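**Student:** Got a structure for you, questions after.
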Amino acid sequence: MIHNSPPSRLRAAVEADLSPVTPLGPAWRRSALVLPGGLLLMAGIHLAFGLRFDADQIGSAALWGLSALQIAAGLLVLGGALRESVPGDSLPRSALLAAFGGLGLWMFAVTWLTWLRSPTEVPAGSESLYRAWCMVWPLGLSLPLIALGIYLARQAFALRPYLVGALIGAGSGAIVDAGWRTYCEVSAPGHVLEAHATALVAATVAGALAGALFARRD
Amino acid sequence: MMRYQAGEIEGFERVYMGLAPRLRAWLARQRLDLGADVDDLLQETFLQIHRSRHTYSPERPVAPWAYAIARHVYLMDRRSRTRKQAHELHDQVEPRDPAADRVERAIEARERVGRGLAATTVRRRASLVLHHVWGFSFREIGRLLRIRPDAAKRRASRGVHDLRQELTEDEEKLR
């Protein structure tokens, strides 16, 4: 029974540091804080780069509808990351597989659908330029969202910070790619999977690194 | 738990009383192999629970949340112990083989004697080696080197003197 009351040193340490705390909100509500940032980035992409020339050919549903769904998917993954950052709320392996694999499949499906509606290729001789452009920009634009996500995760107590970071990176990458695909007029699967998907993978890796370094305050 | 989150020490005490026996038992089961101090781990778990008490959501059961933190504390402790043990193993000096020690000392002595012999003259070295190493008498050495036996004896003696002096200097250098 001696263990049923806290040891005096522990009690004193807790008492010295005891103050009221506000419980964290649910993960979905916290991940919604990323939405304005994502929409802002999307608007920024339009203002800076404009809309792809074949937007009419692709159609609103396939362009805006799929991008909106992709943003929702990215937010879902971000929400999963913020859920994972709370002890006892760890995502099961199947959910992790669904998050990472689902994003990959989604990208593949969207690329295929867009290609069917408007098959456009990279102009001959410009492959490396297009590839670099569509890798560096989305990755760079993902970084502010990753930073925001890591900041939100840091408010909790991530027991697997690298995983939280990877999910934040993947979610952020998906949100940015949803905006980027409304600008990049190339729908050739080779280009999309080589450049856009690489940017998404790079954002995931960057998120994992940032998570391992900054997602936990200890 | 809600009273604890509201900043009441009684809330913490109640949480402790409710969770400590179960967490202690769980930690004890995990620690069977390494024999760490379970009470230390339990205390560290509650300090971690305190630091992250805002992450507990009141509408959820408290046990999975607390067990996840206890598991984290246990894993961190195990990792740090494993690293420490690896460092200790790395730093530990390997037990020496006495035979290898003897061989090493013999090689070292041979090298030192070689250096000492090189410091004396050829004539003195010849008499010294023939007498002290090969066991010839000074008469025999005299016949071999075509010198008088007392000259052979003198050369060997001076050779020993040179050798001793060289070894003494060598010893002082080593110190």
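The values are calculated or read from the model by the stated rules, or taken from the named source; none is laboratory data. Nothing here was measured: the structure is a model prediction, and the numbers come from that model. Backbone-built Cβ (ideal geometry, glycine too); neighbour counts: all protein chains shown. For the accessible areas, the whole protein counts, side chains as well, though only heavy atoms, and no ligand, DNA or RNA atoms are used. Shrake-Rupley method; radii C 1.70, N 1.55, O 1.52, S 1.80 Å.
**Student:** Which of (1) within 15 Å of the chain's Cα centre (by Cα); (2) open to solvent by less than 20 Å² (accessible area, probe 1.4 Å); (3) not β-branched (Val, Ile, Thr) does A:Leu96 not meet, given it meets every other one?
**Tutor:** (2)
**Student:** Related question: Looking at the stretch A:169-203, which of its residues are of a type in the set (Val, Ile, Thr) and assigned to a helix (DSSP H, G or I)?
**Tutor:** A:Ile175, A:Val176, A:Val192, A:Thr198, A:Val201, listed by residue number.
**Student:** Does the stretch B:33-45 contain at least one residue that is surrounded by 10 or more Cβ atoms within 10 Å (Cβ to Cβ) and within 30 Å of B:Leu163 (Cα to Cα)?
**Tutor:** Taking every residue of the stretch B:33-45 in turn, none turns out to be surrounded by 10 or more Cβ atoms within 10 Å (Cβ to Cβ) and within 30 Å of B:Leu163 (Cα to Cα).
**Student:** Got a number for residues in the stretch B:49-71 being among the basic types (Lys, Arg) and facing chain A (nearest Cβ under 7 Å)?
**Tutor:** Qualifying residue count, the stretch B:49-71: 1.
**Student:** Within the stretch A:42-68, which residues are in contact (Cβ under 8 Å) with a residue 24 or more places away in the chain, within 17 Å of A:Met107 (Cα to Cα) and among the hydrophobic types (A, V, I, L, M, F, W, C)?
**Tutor:** If the condition is that a residue be in contact (Cβ under 8 Å) with a residue 24 or more places away in the chain, within 17 Å of A:Met107 (Cα to Cα) and among the hydrophobic types (A, V, I, L, M, F, W, C), then A:Ile58, A:Ala62, A:Leu63, A:Trp64, A:Leu66, A:Ala68 are the ones that fit.
**Student:** Which one of these does B:His161 not meet: (1) at pLDDT 85 or above; (2) crowded, with 16+ Cβ neighbours inside 10 Å?
**Tutor:** Of (1) at pLDDT 85 or above; (2) crowded, with 16+ Cβ neighbours inside 10 Å, only one is false for B:His161: (2).
**Student:** OK, next. If A:Leu66 passes every condition in (1) open to solvent by less than 20 Å² (accessible area, probe 1.4 Å); (2) touching a helix residue (DSSP H, G or I) at 6+ places or on another chain (Cβ under 6 Å); (3) farther than 30 Å from B:Trp65 by Cα but one, which one does it miss?
**Tutor:** Result: A:Leu66 passes all but (1).
**Student:** Related question: Would you say A:Val21 is away from every other protein chain (no Cβ under 14 Å) and at pLDDT 85 or above?
**Tutor:** no
**Student:** Still on this structure, I have one more. Which pairs do you get when a residue that is open to solvent by less than 30 Å² (accessible area, probe 1.4 Å), found in the stretch B:49-61, comes within reach of a residue that is among the acidic types (Asp, Glu), reach meaning Cβ atoms under 7 angstrom, with the pair 6+ apart or on two chains?
**Tutor:** Hits for this filter: B:His50/A:Asp17.
**Student:** Quickly run through the stretch A:143-168 and pick out the residues that are part of a helix (DSSP H, G or I) and not aliphatic (A, V, I, L, M).
**Tutor:** Within the stretch A:143-168, A:Pro144, A:Gly149, A:Tyr151, A:Arg154, A:Pro161, A:Tyr162, A:Gly165 qualify.
**Student:** When you scan the stretch B:119-143, how many residues do you find that are at pLDDT below 85, in a helix (DSSP H, G or I) and small (Gly, Ala, Ser)?
**Tutor:** The total comes to 1.
**Student:** Taking the criterion of being away from chain B (no Cβ under 14 Å), among the β-branched types (Val, Ile, Thr) and either open to solvent by 40 Å² or more (accessible area, probe 1.4 Å) or on the phi < 0 side of the Ramachandran plot (or both), would at least one residue in the stretch A:69-85 satisfy it?
**Tutor:** Yes, because at least one residue in the stretch A:69-85 is away from chain B (no Cβ under 14 Å), among the β-branched types (Val, Ile, Thr) and either open to solvent by 40 Å² or more (accessible area, probe 1.4 Å) or on the phi < 0 side of the Ramachandran plot (or both).
**Student:** Between residues in the stretch A:193-218 that are within 14 Å of chain B (Cβ to nearest Cβ) and closer than 12 Å to A:Ala158 by Cβ and residues that are part of a helix (DSSP H, G or I) and polar (S, T, N, Q), which pairs lie under 9 Å by C-beta distance while being six or more apart or on different chains?
**Tutor:** Pairs that qualify, where the first residue is within 14 Å of chain B (Cβ to nearest Cβ) and closer than 12 Å to A:Ala158 by Cβ and the partner is part of a helix (DSSP H, G or I) and polar (S, T, N, Q), are A:Asp218/B:Gln48.
**Student:** Among the residues that make up the stretch A:29-39, is at least one of them open to solvent by 40 Å² or more (accessible area, probe 1.4 Å) and within 14 Å of another protein chain (Cβ to nearest Cβ)?
**Tutor:** So far as the stretch A:29-39 goes, yes, one or more of its residues are open to solvent by 40 Å² or more (accessible area, probe 1.4 Å) and within 14 Å of another protein chain (Cβ to nearest Cβ).
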